[in-house]
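Each remark here refers to the structure printed beneath this line.
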Amino acid sequence: MSAETSMLVDMRGIEKRFGDLVALRGVDLVVRQGEIHALVGENGAGKSTLMNVLYGLYRPDAGSIRIRGREVRIAGPRDAIALGIGMIHQHFMLVPPLTVAENVVLGDERGGPRLDRRAIESRVADLEKRFGIVVEPHARTEDIPLGLQQRVEILKVLYRGSELLIFDEPTAVLTPQEVDELFAIVRTLRDEGKTLILITHKLREVMAVTDNITVLRGGRNAGELVTRNTNPSEIARAMVGRELKELRARATPARAEVTLKVQGLEAKSDRGALALQGVDFDVRSGEILGIAGVGGNGQSELAQAILGLRRPTGGSIQIGGVDISKDDPKRTRARGVAYVPEDRHLEGLVLAFSVADDFILGKQDRAPYARTGVLDPVTILRNGGRLAAEYDVRPPNPKAIVGNLSGGNQQKVVLGRELSERPKLIVVSQPTRGLDIAATEYVHERLLEQRGQGAGILLISSELDEIRALSDRIAVMFEGRIVATLDAASATEERLGLLMAGHGEAAA
Amino acid sequence: MTLDQVIGAGVLAATLRLATPILLAALGGVVSERSGVVNIALEGCMLVGAFFGVVAADRTHSVVLALAVAMGAGGILAAIHAVAAIHLRSDQIVSGMALNILALGLTSYLDYQFYGNTGTPADLAGVPDVSLGPIAAIPFVGDVIGNQNAIVWVALALVVVIQAFLFRTVPGLRLRAVGEHPRAADTVGIAVRPTRYWAVLASGLLAALGGAYLSLSVAHSFTDGMTGGRGFIGLAAMIFGRWTPAGALVASLLFGYGTALSFSLQGASIGSVQVPVQLLSTLPYVLTILAVAGFVGRSRPPAADGLPYETEGHA
Ligand SMILES: Nc1ncnc2c1ncn2[C@@H]1O[C@H](COP(=O)(O)OP(=O)(O)OP(=O)(O)O)[C@@H](O)[C@H]1O
Ligand SMILES: [Mg+2]
């Protein structure tokens with residue numbers, strides 16, 4: 001194979017503008033046939049935009065694309081599919097009420113206008129057999145877990161005969177086991193001769209499965225690396241443009257008073273199942289208690305119960321000795337409880353509001369933001385400007401609309417609102433989901449700072465690295481119970497992994 | 001009050017007659033909303049269908065041409081809504097409401113211009129009833145379905161056709177995908193906007209047929225605002241029927257029955273107590289409110305219903 005044809009993708013000088021915003025400023029990307037290529041960079045670096053250009057969803061403003069050495073114009077997904085390019089999107093492109101098989105074949109159903117479900121399902125089953133990817137073809141897509149939905153996305157791409165598979169942050173929503181299974185599939189695909197582009201924020205994943213790395217920063221190329229010859233800190237440096245600080249290394253807290261005491265807590269999930277089945281733990285001031293566990297084992301319900309967003313069916317929740325299990329969120333918050341929710345779009349922010357307005361959510365009815373029921377816009381704006389600067393929101397403009405900020409900056413708005421009034425207890429849930437390493441570092445620093453000031457922190461996260469880096473003690477949740485509480489020192493990844501998977505005996 | 005007044009052949013035949021325009025509007029609603037466009041202009045589409053059907057019947061003396069013109073008028077109104085909703089991405093409720101007002105004003109203005117105070121001519125070509133011959137002679141059954149209007153049968157056939165189209169054909173699958181998750185449809189190469197245009201256009205044709213039924217099959221004349229909110233009730237029937245043609249049929253029959261009942265129980269009494277017909281005639285509307293408020297079972301609209309599709313927007 002000549003050097004020319006071994007280059008499957010050759011993008012040169014790609015530029016893309018959204019109004020005034022320049023998302024890509026002349027980016028090059030070369031991907032060779034048969035490799036797994038990592039595309040990394042901070043939030044907003046332009047990774048998704050570049051891939052959307054390659055997939056024909058966005059039209060570039062300048063630059064050229066060659067596929068197998070031939071210059072091409074990709075005007076839409078149809079063109080990309082015809083060129084053998086498939087994309088597994090960051091937000092799944094599946095139609096929830098359709099069956100797995102219908103989603104796989106959608107847009108390329110073959111065989112007449114009649115919808116022959118039987119034929120479609122058997123075709124999908126054959127495809128599954130060929131690539132060793134198993135999903136029930138006639139299951140309704142919305143009924144299956146995210147890990148399986150992702151397989152449907154992969155099948156969809158393979159069904160169209162794609163030679164190049166683009167994965168945009170495929171692991172962001174997966175449990176550790178699902179990540180392992182995904183990477184097994186990824187390796188099989190490469191062995192089958194497919195080429196893969198993998199976007200991720202997790203350098204450990206980059207090191208584990210990729211061959212080459214392209215780093216983007218601020219819409220420009222910031223490095224081409226060979227995985228085998230590099231290391232995570234070199235990649236991180238290229239992504240961020242500076243050294244990252246090492247976390248950890250801090251004094252263990254003095255035995256302080258108990259801030260939060262949860263006893264025998266029971267609560268139902270939205271579907272009516274018992275999601276919390278007698279949960280006991282406490283959090284002391286100046287301590288971070290990590291709650292580790294595979295998503296869906298009651299963590300969300302636990303956070304909601306503490307905040308008063310979900311009425312417990314049994315047990316008690318005490319803040320400073322007072323039972324708050326029947327309080328509504330307003331009263332709970334008045335006792336000094338702050339909340340960084342797992343889904344900042346759903347629970348954390350009003351996306352259509354300005355930064356300044358989102359900063360005062362929940363405080364809007366009291367001084368200094370309001371007097372006798374009338375908002376004071378001058379104070380709100382001044383407060384917004386101050387917090388935006390203090391929490392490094394970019395752009396530091398209190399009038400900016402929150403929905404237009406990047407994920408990391410949206411999270412800073414949540415933090416600014418929640419942490420700026422010296423909370424006693426902070427409930428944080430998946431605080432760095434979808435954030436890049438610099439924003440992650442920032443969130444972690446802020447949480448440690450609060451701990452230093454004596455706040456008790458309940459940290460719920462499915463990222464083991466995060467739990468282990470921040471927590472003083474780690475409680476593992478499995479099927480609505482705390483199955484073990486470990487000191488951070490004795491909590492190895494293996495032990496946590498086994499406990500999270502429900503193998504308590506093996507972990508002992 | 002007699003049993004005959006409640007489930008007699010007369011009441012059931014009236015139920016079918018009264019359900020038909022609601023059903024046609026509901027079918028229009030199903031097709032449009034399944035593709036992701038809310039079309040409350042169906043009321044206006046019905047009204048222009050009713051009016052222009054009469055005008056064409058008067059001028060051409062041909063039922064076929066009258067129906068074609070009626071549906072064309074509904075199609076044009078729906079096309080305006082489609083441009084506003086799909087191309088200009090304007091608020092679909094506002095656009096729909098504006099078109100309803102336009103339709104009301106336009107038809108009453110033209111009605112006055114064309115027919116003045118005398119009203120529409122009495123010798124209009126009407127859509128004929130279909131006599132089922134021997135079936136019409138069967139007692140009861142014959143009394144219910146033996147002599148229904150041709151459009152009643154067309155509407156019933158359309159239930160089957162649209163149900164099969166949506167759930168058993170490839171274009172139907174694509175239309176549903178566009179209404180649930182347009183970006184997903186786009187990424188597999190389905191043309192989102194054209195699909196929606198066709199769906200909205202079809203909804204206008206269906207509603208206009210319902211309007212023409214009112215003026216050319218039932219009333220044999222046009223009067224201002226004669227659709228009387230049936231387009232809206234059709235949308236309620238669509239919700240009641242969970243966005244499926246078969247469900248819309250059941251809901252339309254229920255609404256039709258409510259009205260039929262309020263007619264047949266006129267002056268009836270149970271024992272010495274007068275049946276409160278006025279109250280009874282509100283039944284379809286009460287059912288409508290319950291359906292819209294979600295009390296009658298939970299039904300879920302297509303996920304992208306009413307949302308314009310932005311090609312380069314954030315997901
Ligand atoms: N459709 C759009 N309209 C306007 N701006 C956009 C659009 N898509 C992306 N952007 C902007 O372009 C920049 C690059 O975004 P992009 O989504 O490519 O980043 P990314 O590297 O994928 O980030 P992340 O890690 O958060 O997914 C950001 O500033 C983003 O806000
Ligand atoms: Mg992205």
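The values are calculated or read from the model by the stated rules, or taken from the named source; none is laboratory data. These numbers come from a predicted model, not from an experiment. FYI the Cβ positions are ideal-geometry reconstructions off the backbone, even for glycines, and counts take in every protein chain you see. Note: areas computed on protein heavy atoms with side chains; ligands, DNA, RNA excluded. Shrake-Rupley method; radii C 1.70, N 1.55, O 1.52, S 1.80 Å.
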Query raised in the report: Does B:Ala19 satisfy the condition of being hydrophobic (A, V, I, L, M, F, W, C), more than 19 Å from B:Gly247 (Cα to Cα) and modelled with pLDDT of 95 or more?
Result: no
Query raised in the report: Which members of the stretch A:63-93 meet the condition of being touching an Asp or Glu at 6+ places or on another chain (Cβ under 8 Å) and within 16 Å of ligand 2 (Cβ to nearest atom)?
Result: A:Met87, A:Ile88, A:His89, A:Gln90, A:Phe92, A:Met93
Query raised in the report: Quick one: what pairs do we get from the stretch B:126-144, first residue of a type in the set (Ser, Thr, Tyr), second open to solvent by 80 Å² or more (accessible area, probe 1.4 Å), C-beta under 6 Å, 6+ apart or different chains?
Result: B:Ser131/B:Asn147
Query raised in the report: What about A:Gly26, is it in contact with a Pro (Cβ under 8 Å, 6 or more places away or on another chain), small (Gly, Ala, Ser) and away from ligand 1 (no atom under 13 Å from the Cβ)?
Result: no
Query raised in the report: Among the helices (runs of 4 or more DSSP H) confined wholly to the stretch A:327-409, which include 3 or more residues that are in the same structural domain as A:Gly454 (by TED's automatic domain parsing) and free of Cβ contacts under 8 Å to residues at least 12 places away in the same chain?
Result: none
Query - Qualifying residue in the stretch A:72-82 (condition: open to solvent by 60 Å² or more (accessible area, probe 1.4 Å), within 27 Å of the chain's Cα centre (by Cα) and closer than 30 Å to A:Val124 by Cα) - result: no
Query raised in the report: Could we say that A:Asn43 is within 16 Å of ligand 1 (Cβ to nearest atom) and in contact with a helix residue (DSSP H, G or I) (Cβ under 7 Å, 6 or more places away or on another chain) here?
Result: yes
Query - helices (runs of 4 or more DSSP H) (entirely within the stretch B:156-219) containing at least 1 residues that are more than 14 Å from every other protein chain (Cβ to nearest Cβ) and open to solvent by less than 10 Å² (accessible area, probe 1.4 Å) - result: B:192-212
Report task. State all residues of the stretch A:50-61 that are facing chain B (nearest Cβ under 10 Å) and either assigned to a helix (DSSP H, G or I) or free of Cβ contacts under 8 Å to residues at least 60 places away in the same chain (or both); if no residue qualifies, say none. Result -> A:Asn52, A:Gly56, A:Leu57, A:Tyr58, A:Arg59
Query raised in the report: Can you find even one residue in the stretch A:75-82 that is at the interface with chain B (Cβ under 10 Å from one of its Cβ atoms), within 30 Å of A:Ser6 (Cα to Cα) and free of Cβ contacts under 8 Å to residues at least 12 places away in the same chain?
Result: yes
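For (1) at pLDDT below 90; (2) part of a helix (DSSP H, G or I); (3) away from every other protein chain (no Cβ under 14 Å), each residue gets a yes or a no:
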| position | (1), (2), (3) |
| --- | --- |
| B:Met238 | no, yes, yes |
| B:Trp243 | no, no, no |
| B:Gly258 | yes, yes, yes |
| B:Val286 | yes, yes, yes |
Report summary line: If we ask which residues in the stretch B:81-95 are surrounded by fewer than 21 Cβ atoms within 10 Å (Cβ to Cβ) and within 14 Å of B:Gly204 (Cα to Cα), their number turns out to be 1
Query raised in the report: How many residues does the stretch A:23-62 hold that are crowded, with 22+ Cβ neighbours inside 10 Å, more than 10 Å from ligand 2 (Cβ to nearest atom) and basic (Lys, Arg)?
Result: 0
Requested in this report: Write out, first by first residue and then by second, each pair whose Cβ atoms fall under 7 Å of each other, whose residues are 6+ apart or on separate chains, and whose first residue, in the stretch B:188-202, is farther than 11 Å from B:Asn39 by Cα while the second is open to solvent by less than 30 Å² (accessible area, probe 1.4 Å) and of a type in the set (Asp, Glu).
Outcome: B:Val192/B:Asp186
Report task. Look through the stretch B:35-70, keep the residues that are closer than 30 Å to B:Pro182 by Cβ and not hydrophobic (A, V, I, L, M, F, W, C), and return whichever of them is surrounded by the fewest Cβ atoms within 10 Å (Cβ to Cβ). Result -> B:Glu43
Report task. Inspect all residues belonging to the stretch A:62-69 and state whether any of them is more than 16 Å from ligand 1 (Cβ to nearest atom), within 10 Å of chain B (Cβ to nearest Cβ) and in contact (Cβ under 8 Å) with a residue 40 or more places away in the chain. Result -> no
